[in-house]
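Working notes, structure below.
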Amino acid sequence: MTDSARELTELEKDALQEIMNIGFGRAAADLAEIINLHVILSVPHIAVLQSDEVIRYVQEEIPDTTDMSMITQFFSGKFSGGSFLVFPHGEGRKLLKIFDGEMSLLGENYDIDILEKETLVEVGNIIIGACVGKIAEMLGDVVTYAPPRFFSQEQIYGTLGSVLNTSDSFAILFKTVFNFEQYNVSGYLFLVSQYSIMPWLKQAIAEFLGPYE
Amino acid sequence: MARIMIIDDSLVARMSLKACIPKDAGHELKEGNDGSVAIELYQSFKPDVTFMDLTMPGMDGIAALEAIRRLDPAARVIILTADIQRRTIERVTELGACAVVKKPPVKEAVIAELDKVLADGTKP
């Protein structure tokens with residue numbers, strides 16, 4: 001692969017950022033309809049980094065994972081990679097209302113930690129599915145998903161490390177910060193894709209830009 | 001012919017919107033990349049219509065819409081956004097946006113809203 005094929009140009013980055021923006025916007029609209037969740041998304045950030053730089057980047061964004069939980073879900077297609085949704089630990093209890101408006105389950109013999117974890121996994125699954133699916137759709141692809149997995153606290157960097165060490169030496173990082181307005185819950189969504197998708201990605205971006213040039 | 005202001009942090013988004021505006025109509029276009037630029041440009045350029053993105057770093061489109069409508073309660077602002085949640089659309093409509101067009105812009109939708117807004121002498 002030539003040097004120019006290894007990098008995204010500024011225009012390609014800008015286009016990808018706009019594609020993410022549109023994809024997340026559509027996903028947010030779907031989420032609002034499906035689970036009555038109004039989502040505020042930040043301007044997405046995109047970078048092409050070496051694997052170890054991705055971990056450093058995430059560490060700078062979230063220096064302390066003591067109180068964080070993470071849901072990961074891998075996806076495959078022409079657009080393939082992993083998604084990492086990081087929430088402050090304990091936010092699952094607030095989000096439980098999405099599925100159990102009266103919080104009636106709390107009065108029964110359910111373990112609250114398990115309920116919280118299951119809620120985060122389910123919310124994570126819905127958000128990741130909506131966001132990744134819409135971005136893939138914008139890029140003319142369809143992806144399939146592995147089941148979501150839950151990691152807490154000190155497991156977070158170990159998991160990220162093992163994922164990134166087994167992927168290509170470079171990774172394309174997508175990040176957005178989201179906020180569920182009515183639940184006062186914020187978190188991060190990172191998508192990490194392998195360097196090997198770059199030729200397809202460049203072609204898909206060119207096709208997106210085609211009608212406007 | 002109209003003066004049209006385009007505010008979006010994304011060069012690609014500005015480019016795609018410009019591609020939807022008929023070139024032979026003689027419109028005068030100016031563009032900016034965030035809400036604070038929008039406010040400055042609004043006062044110097046005095047656009048007939050503004051296309052405004054919502055999600056921007058720095059001052060976002062909601063704050064810019066509010067500020068512009070405070071400066072000029074008759075300002076005509078079309079929101080061009082990826083955030084098509086019902087509550088977002090309700091919010092910008094309450095703040096006086098003339099229309100909401102979803103991204104990516106489609107020529108027919110842009111021209112239809114532009115024609116409607118420009119034909120309507122009475123502002124929102």
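Just so you know, all these numbers are worked out from the coordinates, no wet-lab data involved. Note that this is a predicted model, so its numbers are computed, not measured. When we count neighbours, we look across all protein chains shown, and the Cβ atoms used for this are built from the backbone with ideal geometry, even at glycine.
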Backbone N within the range A:23-58 under 16 Å of label point (7 Å from A:THR159 Cα along the Cβ vector)
A:55, A:58
When Cβ neighbours within 10 Å are restricted to other protein chains, what is their mean count per residue of peptide A:20-26?
6
0 to 90° range, to nearest 10: angle between helix A:51-61 axis and chain A longest Cα axis
50 degrees
Pairing the Cα long axis of helix A:112-138 with the longest principal axis of chain A, what angle in degrees results, from 0 to 90 and rounded to the nearest 10?
30 degrees
Once B:LYS107 and B:GLU28 are pulled to full extension, the length gained, defined as 0.36 nm per residue separation minus their Cα-Cα distance, is 26.7 nm
Using a basic spin-label model with each label point 7 Å from the Cα along Cα→Cβ, how many nm lie between B:SER44 and A:TYR145?
4.7 nm
Looking at the square roots a ≥ b ≥ c of the eigenvalues of the Cα gyration tensor of the protein assembly as shown, which shape do they give, rounded for a/c under 1.5, prolate if a/b is larger than b/c, or oblate?
oblate
Computed magnitude of the charge dipole of chain A (debye, nearest 20; Cβ of K, R +1, Cβ of D, E -1)
260 debye
Residues of the range A:144-162 with amide N under 16 Å of a point placed 7 Å along Cα→Cβ from A:HIS89
A:150-159
Based on DSSP, what percent of beta bridges with both residues in the protein assembly as shown are antiparallel, to the nearest 5?
70 percent
Points 7 angstrom from Cα along the Cβ direction at B:GLU66 and A:VAL177: gap in nanometres?
1.8 nm
Give me the distance in nm between label points sitting 7 Å out from Cα along the Cα-to-Cβ direction at B:ARG86 and A:ALA47, one decimal.
3.9 nm
Against the longest alpha carbon principal axis of chain A, how many degrees, from 0 to 90 and to the nearest 10, is the axis of helix A:198-209 turned?
90 degrees
